[in-house]
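For reference, the structure discussed in these notes is given below.
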Amino acid sequence: MTQPEPNDLNRREFLSRTVLAGAAAMLAACGGSGPTGVTNGPASITVTLSDFPALGVVGGIAAVGTVRTSPVAVVRTGATSYLALSRVCTHQACIINVVSNGFACPCHGSTYNSQGGVTNGPAPQALARLTATLSADSLTLTIS
Ligand code: FES
């Protein structure tokens, strides 16, 4: 049985480290990911409101897609007004769920009202708001 030469060990170690570094670089180049593994989305999305029946009434809430690293929910706040909120919990970045009167985090129990305000911690602050622009014909909403 032959013992590996010191140079062989160095070569193996070098190759191992090179492969690991290459894999890390490839993952970083793939666009990375957002909170809790959310894949990066586009800088803005346009949603057709009729695709989300919950938004047919004032007070309705619907999860509509992902903008950058944030899954987004839209709240209908009036006849022609909407609020777009990030669904990333402000505690430790879990993705919150839409519930009947707002949002609930499955990780540690934080809850938010339909305006994004914290109604039960440990979340330290309100949900982030995004810009929501209603089209002239009121059929689509662009969120950025
Ligand atoms: S991550 Fe939402 S309550 Fe902790």
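For Ser100, tell me the accessible area in Å² from a 1.4 Å probe, rounded to the nearest 10.
So the heavy atoms of Ser100 present about 120 Å² to solvent.
May I ask you to rank Phe103, Phe52 by accessible area, largest first, using a 1.4 Å probe over the protein chains only?
Phe52, Phe103
Given a 1.4 angstrom probe, I'd like the percentage of the accessible area of region 92-144 that is carbon and sulfur, rounded to a whole number.
Percent of accessible area from carbon and sulfur atoms in region 92-144: 50.
Semi-axes of the equivalent ellipsoid for region 41-80, please: Cα gyration tensor eigenvalues, times 5, square-rooted, ordered largest first, whole Å.
The answer is 20, 9, 8 Å, longest axis first.
So what J values fall out for region 89-99 if you push phi through Karplus, 6.51 cos²θ - 1.76 cosθ + 1.60 with θ = phi - 60°, rounded to Hz, Gly and Pro as x?
For region 89-99, the Karplus-derived couplings read 4, 7, 7, 9, 6, 5, 8, 7, 9, 6, 10 Hz, x marking Gly and Pro.
Amide H to amide H, which residues 5 or more places from Asn40 or on other chains are under 5 Å from it, using H placed in the peptide plane?
Amide H neighbours of Asn40: Gly34.
Can you tell me the order of 133-143, 86-96 when each peptide is scored by its average per-residue count of other Cβ atoms within 10 angstrom, highest first?
Descending packing order for the listed peptides: 86-96, 133-143.
Can you give me the three principal axis dimensions of region 60-144 from its C-alpha atoms, in Å, biggest first?
Result for region 60-144: principal-axis Cα extents of 41, 25, 17 Å.
Using the Cβ atoms and a cut-off under 11 Å, what net charge is assigned to the surroundings of Val72, where Lys and Arg are +1 and Asp and Glu are -1?
Within the 11 Å Cβ shell, the charges total +3.
The values are calculated or read from the model by the stated rules, or taken from the named source; none is laboratory data. Please read these numbers as outputs of a predicted model, since none were measured by experiment. All Cβ positions, glycine included, derive from the backbone under ideal geometry; neighbour counts span all protein chains shown. Just so you know, the surface numbers come from the protein's heavy atoms only, side chains and all, with ligands and any DNA or RNA stripped out. Shrake-Rupley method; radii C 1.70, N 1.55, O 1.52, S 1.80 Å.
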